[in-house]
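**Student:** Below you will find the structure I want to go over with you.
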Amino acid sequence: MPVIKHQEIEFGKISMEGVVGASKANVIAQREGWESHTLRVFRLEPGGHTPYHQHPWEHVNYFVGGKGELKIGNEVHEINVGDFAFVPPNAEHQFKNPFDKPLEFICIVPVSGA
């Protein structure tokens with residue numbers, strides 16, 4: 001298992017409808033030998049967000065920098081460094097950063113969702 005240093009992660013800007021100020025990096029995936037899942041790191045700049053969307057796979061999240069909000073269905077949850085979140089399959093959800101520092105989080109999904 002390789003070690004990937006945080007400062008060596010290369011983030012790519014996410015350009016799709018409904019996304020503002022977001023970037024991500026696929027850090028550990030099939031190329032590293034994890035056949036079933038992908039560990040991604042997302043960064044939302046202040047004012048950034050993902051689209052309000054749903055899909056058939058789950059997310060497991062761990063928040064490593066900043067703070068933000070996670071909307072699942074009609075509920076909005078404040079998220080902070082050290083928090084965990086589970087987004088069930090087919091649940092409408094959105095990550096937002098209404099704060100003044102970047103929000104960074106790990107997101108693990110099955111390979112089908114990467």
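The values are calculated or read from the model by the stated rules, or taken from the named source; none is laboratory data. Just so we're clear, the structure is a prediction, and the values are computed from it rather than from any experiment. Please note: Cβ atoms are built from the backbone with ideal geometry, for glycine as well, and neighbour counts cover all protein chains shown.
**Student:** Tell me, yes or no, whether the range 42-53 has at least one residue that is at pLDDT 95 or above, more than 19 Å from H6 (Cβ to Cβ), surrounded by 15 or more Cβ atoms within 10 Å (Cβ to Cβ) and of a type in the set (V, I, T).
**Tutor:** Checked against the condition, which is being at pLDDT 95 or above, more than 19 Å from H6 (Cβ to Cβ), surrounded by 15 or more Cβ atoms within 10 Å (Cβ to Cβ) and of a type in the set (V, I, T), the range 42-53 yields at least one hit.
**Student:** Out of curiosity, is V81 modelled with pLDDT of 95 or more, exposed (fewer than 15 other Cβ atoms within 10 Å of the Cβ) and either under 10 Å from the mean Cα position of the chain (by Cα) or among the aliphatic types (A, V, I, L, M) (or both)?
**Tutor:** yes
**Student:** Any chance you could count how many residues in the range 2-37 are touching a Phe, Trp or Tyr at 6+ places or on another chain (Cβ under 9 Å) and either within 16 Å of V64 (Cα to Cα) or of a type in the set (A, V, I, L, M) (or both)?
**Tutor:** Residues that pass the stated criteria total 7.
**Student:** Considering each residue of the range 53-76, count those that are in contact (Cβ under 8 Å) with a residue 24 or more places away in the chain and either in contact with an Asp or Glu (Cβ under 6 Å, 6 or more places away or on another chain) or more than 27 Å from S36 (Cα to Cα) (or both), and give that number. Break it down into steps so the answer makes sense when it comes.
**Tutor:** Taking the range 53-76 first, the residues in contact (Cβ under 8 Å) with a residue 24 or more places away in the chain are 53-71.
Now restrict to residues that are either in contact with an Asp or Glu (Cβ under 6 Å, 6 or more places away or on another chain) or more than 27 Å from S36 (Cα to Cα) (or both): 54, 63-69.
The total comes to 8.
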